[in-house]
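Let me begin by presenting the structure, written as structure tokens, before commenting on it.
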Amino acid sequence: MAIRVLLVDDQPLLRTGFRMILEAEPDIAVVGEAGDGRQAVDQVRAMQPDVVLMDIRMPRMDGVEATRRITGPERDGPAKVLVLTTFDLDEYVVEALRAGASGFLLKDAPAHELVQAIRVVAAGEAMLAPSITRRLLDKYATHLPSGEETVPDALRTLTEREVEVLKLVARGLSNAEIAADLFVGETTVKTHVGHVLTKLGLRDRVQAAVYAYESGLVRPGGR
């Protein structure tokens, strides 16, 4: 069954380019387009896409607010949001991740990375481009708490190994990299990540990374 994608960007030329790339793939179908966040919310309700490719800076309603409405508790469907960013300009990406985005992609990424990102997010994974995520969180550290806040009680429900895994997820490591770092199998890492998400009530790795920073478990720029 094809992955249903909604394209959201205020530049028609970019939407056309994304459509051409995605429609060349046998397992992806572009079901609609929107030029601003308000249209995106309406299109999600009407089209029920699996993945929304979401620009951040748009008129009427930006990508952060649209993401919040699409992925929030009153959402109408299971749509996941993949944020598009220029990185150097979009200071709102961390807010979009907090709002519920499942990951982000640079606008100048190669076509094959766009396609892979769509597939990864549709499969329920997240935390795309780990090295960029790490740099992004460090760059916008001023958006995050200082780490002096009280450690949430929820963290105390995690085992020592689960805390280790959460820290590495927050650093932007993939499952394979975490497995190598801890000398365990990838399946074991995946199990630990699942336990972390369940215990902390988080939806995916992106939220886990942001939670680790916000809770003070990990400091931006730290090791």
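The values are calculated or read from the model by the stated rules, or taken from the named source; none is laboratory data. Since this is a predicted model, take the numbers as computed values, not measurements. As a convention, Cβ positions derive from the backbone with ideal geometry for all residues, glycine included, and neighbour counts pool all protein chains shown.
Please enumerate the residues belonging to the range 179-210 that are over 21 Å from P78 (Cβ atoms), not in a helix (DSSP H, G or I) and not β-branched (V, I, T).
Correct list: F183, G185.
So if I check each of I70, I118, which one is surrounded by 23 or more Cβ atoms within 10 Å (Cβ to Cβ), at pLDDT 90 or above and under 23 Å from G17 (Cα atoms)?
I118
At pLDDT 95 or above, in contact with a helix residue (DSSP H, G or I) (Cβ under 8 Å, 6 or more places away or on another chain) and among the charged types (D, E, K, R): is that true of E65 in this structure?
Here the answer is no, as E65 does not meet what is asked.
What are the pairs, 6+ residues apart or on separate chains, where a residue within the range 115-131 that is charged (D, E, K, R) has its Cβ under 9 Å from a residue that is assigned to a loop (DSSP other than H, G, I, E, B) and at pLDDT 75 or above?
Partner pairs satisfying both residue conditions: R119/E25; R119/D27; E125/S102; E125/D204.
Results for (1) over 15 Å from the mean Cα position of the chain (by Cα); (2) more than 24 Å from E95 (Cβ to Cβ), shown as yes or no for each residue.
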| site | (1), (2) |
| --- | --- |
| T187 | yes, yes |
| G201 | yes, no |
| D204 | no, no |
| A209 | no, no |
| V218 | yes, no |
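Looking at (1) over 14 Å from the mean Cα position of the chain (by Cα); (2) under 17 Å from L6 (Cα atoms); (3) polar (S, T, N, Q); (4) modelled with pLDDT under 90, which is the only condition S102 fails?
(1)
For every residue, the table says whether it meets (1) crowded, with 22+ Cβ neighbours inside 10 Å; (2) assigned to a helix (DSSP H, G or I); (3) free of Cβ contacts under 8 Å to residues at least 60 places away in the same chain; (4) of a type in the set (A, V, I, L, M).
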| residue | (1), (2), (3), (4) |
| --- | --- |
| G17 | no, yes, yes, no |
| V31 | no, no, yes, yes |
| A46 | no, yes, yes, yes |
| V52 | yes, no, yes, yes |
| M58 | yes, no, yes, yes |
| P78 | no, no, yes, no |
| E95 | no, yes, yes, no |
